[in-house]
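Peer 1: Dumping the structure here so I can ask a few things about it.
We did not get these values from a lab; they are worked out from the coordinates using the rules stated. A quick note: this is a predicted structure, and the numbers were derived from the prediction, not measured. Backbone-built Cβ (ideal geometry, glycine too); neighbour counts: all protein chains shown.
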Amino acid sequence: MYDYERLEQYALKISTRIGFQPKVGIVLGTGLGDLVEKIDAVYEVAFTDLSGFPVSTVEGHAGHFIFGYFEDVPIVCMQGRVHYYEGYSMDDVVLPIRFMAVMGVESVILTNAAGGINKDFNVGDIMMIKDHIATFVPNPLIGKNVDQLGVKFPDMSKVYDDKIRETFITVAKQNGIPIREGVYIQFTGPSFETPAEIRMAAALGADAVGMSTACEAIAARHAKVKVCGLSYISNQAAGITDKELSHEDVRWASKFSAENVEKLLRGFFRSIK
Ligand code: HPA
């Protein structure tokens, strides 16, 4: 169960300390952790300092929020997201997203490494998420509704904000960055998918597969926060090639996308400041 009042208290305490309200929340996916060094950081807080917050174990880093400025826009950046496959409940997995909503962000940019299902996609491409399939993971809104955040049955017909996505696409084209649009499908992991599961996902209309973002997008939309989803293709999904998949390879390939993601973020932030 959510302790909404406690989230509010944390938000108030941090807002008073930093003296600004973050406008955008950024969630950094696998391999993008170094981007935090590009932020003009004002204040940093570890999830371990916020009682009740889940602690990610996946990359050996506990989660952090970094409050500061990126291209002069006030932001909060989350490094070390929590995954469902770590054994946390969906409530816990989306708690940091809800916290950013309570902090007052207008939009969140959710980034992730993903396997390419669409055969036209190459490793290194960036796919702006147009829509998602979250049916294979538990819905984060199951259980008692947190009325202070949003309604019990929120509309999901436009999860990913068209205007933000179009801005990213424009910036990508201006910078010669390979950009795609498509449908993201979330599975729980932590095992990678089988080729049969990927054929199923393709038949359902998915272009890329991952283990993180759709549930976060649902929680953000529930709280009326605009969502931008950005997948960088770190590998071709199981069975698209014969190559065996490993987390190390995903991390390694993801690092090469960091530069392009940074360019896109800079272009986007310049357009909104
Ligand atoms: N499957 C699921 N999640 C992923 C993949 C994949 O192939 N690549 C990166 N995250």
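Peer 1: Which one of TYR88, TYR160, TYR232 has the biggest mean-square fluctuation once the chain is modelled by GNM with Cα springs under 10 Å?
Peer 2: Judging by the Gaussian network model, the answer is TYR88.
Peer 1: Given the rule -39500 (n - 2.57) for each run of at least 4 DSSP H residues, summed and divided by the residues of the chain, what is its mean residue ellipticity at 222 nm, to the nearest 500 deg cm²/dmol?
Peer 2: Values: 8 runs with 84 residues, N = 273.
Helix-only estimate at 222 nm: -9000 deg cm²/dmol.
Peer 1: What ranking do 189-195, 91-97, 165-171 get when scored by the average of other Cβ atoms within 10 Å per residue, highest first? Can you show the working numbers first?
Peer 2: Working: 189-195: 15.0, 91-97: 23.6, 165-171: 17.6.
Top of the packing list down: 91-97, 165-171, 189-195.
Peer 1: Let me ask something else about it. What fraction of the DSSP beta bridges in the chain is antiparallel, stated in percent and rounded to the nearest 5? Please report the intermediate quantities before stating the final value.
Peer 2: Values: 18 of 49 bridges.
Roughly 35 percent of the beta bridges in the chain run antiparallel, per DSSP.
Peer 1: Can you return the aspartates and glutamates within cross-link range of LYS144? Criterion is Cα-Cα under 19 Å, with same-chain partners fewer than 8 residues away left out.
Peer 2: Leaving aside aspartates and glutamates fewer than 8 places away in the same chain, those within reach of LYS144 are ASP3, GLU5, GLU8, ASP91, ASP92, ASP155, GLU216.
Peer 1: Cα convex hull of the chain: mean projected area in nm², to one decimal? Please report the intermediate quantities before stating the final value.
Peer 2: Details: hull surface 52.0 nm².
It is 13.0 nm².
Peer 1: Oh, and also: With +1 on each Lys and Arg Cβ and -1 on each Asp and Glu Cβ, how big is the dipole of region 4-271 about its Cα centre, in debye rounded to the nearest 20?
Peer 2: On the way: 26 positive and 33 negative charges, 125 e Å.
Computed about the Cα centre, the dipole is about 600 debye.
Peer 1: Then there's this: Using amide H atoms built in the peptide plane, which far-off residues or other-chain residues are under 5 Å from HIS132 H to H?
Peer 2: TYR184
Peer 1: Sticking with this structure for a sec: Over 23 Å between Cα atoms, which of LYS38/LYS119; LYS173/LYS255; LYS130/LYS163; LYS38/LYS224; LYS158/LYS263 qualify?
Peer 2: Details: LYS38/LYS119 33 Å; LYS173/LYS255 21 Å; LYS130/LYS163 11 Å; LYS38/LYS224 28 Å; LYS158/LYS263 26 Å.
In this structure, LYS38/LYS119; LYS38/LYS224; LYS158/LYS263 exceed 23 Å between Cα atoms.
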